[in-house]
Amino acid sequence: MKKKHSKAQIDYLASREHFLQISNQADKRITELREAGKEVGQEEMEEIVERVGLHRAYNELTQAENVLINWTQTAIRTEPEFMQNRINFEELYERVKTDAEARGAILNLAMRLNLELV
């Protein structure tokens, strides 16, 4: 049986893939400069980041992550595991904005959900 993804999951996957592609482009340009014998300082880094759109891609990824995290709060409410561990999940959601590990745990959980919620 093929897994169905929600719109939030699909958007997150697309944003993550786009960010990775942009990040790889930036890495490639840095490598090209270094191989050409040029020093890569702050000015060069800023130019590369601006040129490839790394900030925009990062912001889009963060936005998609936020939407996905919000979606999971609705999606898991009726799940037995959530209901049994409600306090732990609520504490995890409280830390999501300040704790990268908590954010990663929620995103990992979100991508494992196989629900038909939009």
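The values are calculated or read from the model by the stated rules, or taken from the named source; none is laboratory data. Fair warning: this is a prediction, and the values are worked out from it, not measured in the lab. Every residue, glycine among them, receives a Cβ derived from its backbone with ideal geometry; neighbour counts consider all protein chains shown.
Some values worked out for this structure:
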{"quantity": "Among (1) under 18 Å from the mean Cα position of the chain (by Cα); (2) outside any helix (DSSP H, G or I); (3) among the acidic types (Asp, Glu) - the single one GLU39 does not satisfy", "calculated": "(1)"}
{"quantity": "Residue identified as under 16 Å from the mean Cα position of the chain (by Cα), free of Cβ contacts under 8 Å to residues at least 40 places away in the same chain and either buried (at least 16 other Cβ atoms within 10 Å of the Cβ) or in a helix (DSSP H, G or I) (or both) among ALA105, ALA110", "calculated": "ALA105"}
{"quantity": "Check on GLN21, surrounded by 13 or more Cβ atoms within 10 Å (Cβ to Cβ), part of a helix (DSSP H, G or I) and either of a type in the set (Gly, Ala, Ser) or under 16 Å from the mean Cα position of the chain (by Cα) (or both)", "calculated": "no"}
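So that you can scan it fast, the table gives a plain yes or no per residue for (1) more than 23 Å from LEU20 (Cα to Cα); (2) aliphatic (A, V, I, L, M); (3) part of a helix (DSSP H, G or I); (4) modelled with pLDDT under 90:
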| residue | (1), (2), (3), (4) |
| --- | --- |
| GLU46 | no, no, yes, no |
| ALA64 | no, yes, yes, no |
| GLN73 | yes, no, yes, yes |
| GLU94 | yes, no, yes, no |
| LYS97 | no, no, no, yes |
